[in-house]
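Step one of this worksheet: look at the structure below.
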Amino acid sequence: MKIFITNDDGIHAEGLLALYRVLSNGNEVMVAAPDSERSAEGHGISLQRPLRKALHSSPDKQPWYAVAGTPADCVKLGLLALFEDRPDLVISGINAGVNDGINVLYSGTVAAAREASLYGIPAMAVSMTAGRPGYYETGAALARLLADRIDSLRIPPYTILNVNVPDLPLSEIAGIRFGGLDMTRPGDWVEKREDPRGREYFWYGYQKPAVTEKSGTDREVLNRNYVSITPLGCDMTDYHFLENLKQTNPERLFEELLATGRDSLS
Ligand code: MN
């Protein structure tokens, strides 16, 4: 199988190497990742500056690409320019830090997987719950298992798997659960500080949300030391609300708009 891997923690990330090591036995693994950490930069792409790439040698002397761009840039560039062959699978990770709940909206890890999915390639994001993980091998073993079973998982088009792994030895993992996102807001705040020249600046603080009351969500199962797997759709349309919205007469709304426009001109 041909597997393209990337990592928003950058080309030097320990989690990228762990993923590469576990996948490279029996697979052709292609690597392109940002040349420095680009966590929480979401699905941005570079339109205002050129995308440079440099060759970075892996421990087994394979060419890896370090890209001066975002995680989504790396996937785009990999698919459109760097690699001759189309991969069968794209894996983003293994990220240092949990990507559950609303974190998926900011995550570069998740965005990279989503970018691959937009090109019709099965994709998954894999993250360890700890900011400085001690057990990448647990996430790596799971990534390998899911990669080997990718066909039987039958991931639909425009859907990715978002996988979060408790930072524990495999023997201490409670199991695997499938669940939805926990949208509870984390405790966040902005700290105002002062630079050495007396000018103020701001920095985000983050505190893990209090334990959720909703059972079966990604965060709730992670709190109980289960691996969490959430399917995420790239089509963000709220089809349920769309049906309700259709109860509103758009012609009527348009007539009102025209009337308002006339009023404001007179
Ligand atoms: Mn990251």
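The values are calculated or read from the model by the stated rules, or taken from the named source; none is laboratory data. Here the structure is a predicted model, which is why all the values come from computation and not from measurement. Positions of Cβ are generated from backbone atoms using ideal geometry, with glycine treated the same way; all protein chains shown enter the neighbour counts. Surface areas here come from the heavy atoms of the whole protein model, side chains and all, with no ligands, DNA or RNA. Shrake-Rupley method; radii C 1.70, N 1.55, O 1.52, S 1.80 Å.
Suppose we filter segment 120-140 for residues that are of a type outside the set (F, W, Y), over 20 Å from M1 (Cα atoms) and crowded, with 24+ Cβ neighbours inside 10 Å; how many remain?
Taking segment 120-140 first, the residues of a type outside the set (F, W, Y) are 120-134, 137-140.
Still in the list and also over 20 Å from M1 (Cα atoms): 127-134, 137-138.
Narrowing further to those that are crowded, with 24+ Cβ neighbours inside 10 Å: 127-129.
Adding up the residues that qualify gives 3.
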Of all residues making up segment 180-213, the number that are closer than 20 Å to S127 by Cβ and open to solvent by 100 Å² or more (accessible area, probe 1.4 Å): 7
Residue in segment 117-124 that is of a type in the set (V, I, T), more than 10 Å from the ligand (Cβ to nearest atom), more than 26 Å from R49 (Cα to Cα) and within 9 Å of the chain's Cα centre (by Cα) present: no
Residue pairs meeting the criteria (Cβ under 8 Å; at least 6 apart or on separate chains; first over 27 Å from G131 (Cα atoms), in segment 192-208; second modelled with pLDDT of 95 or more and outside any loop (DSSP other than H, G, I, E, B)): E200/K192; E200/R193; E200/E194
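Consider D235 carefully, then state whether it is part of a loop (DSSP other than H, G, I, E, B) and surrounded by 12 or more Cβ atoms within 10 Å (Cβ to Cβ).
Working: part of a loop (DSSP other than H, G, I, E, B): yes; surrounded by 12 or more Cβ atoms within 10 Å (Cβ to Cβ): no.
When the stated conditions are applied, D235 does not pass them.
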Restricting segment 98-119 to residues that are under 15 Å from F4 (Cα atoms) and among the charged types (D, E, K, R), the residue that is most open to solvent (accessible area, probe 1.4 Å): R114
Those residues of segment 158-202 which are charged (D, E, K, R), in a loop (DSSP other than H, G, I, E, B) and touching a Lys or Arg at 6+ places or on another chain (Cβ under 8 Å), in sequence order: D182
Filtered residues of segment 214-232 (kept if out of contact with any helix residue (DSSP H, G or I) (no Cβ under 8 Å at 6 or more places or on another chain) and open to solvent by 90 Å² or more (accessible area, probe 1.4 Å)): S215, R224
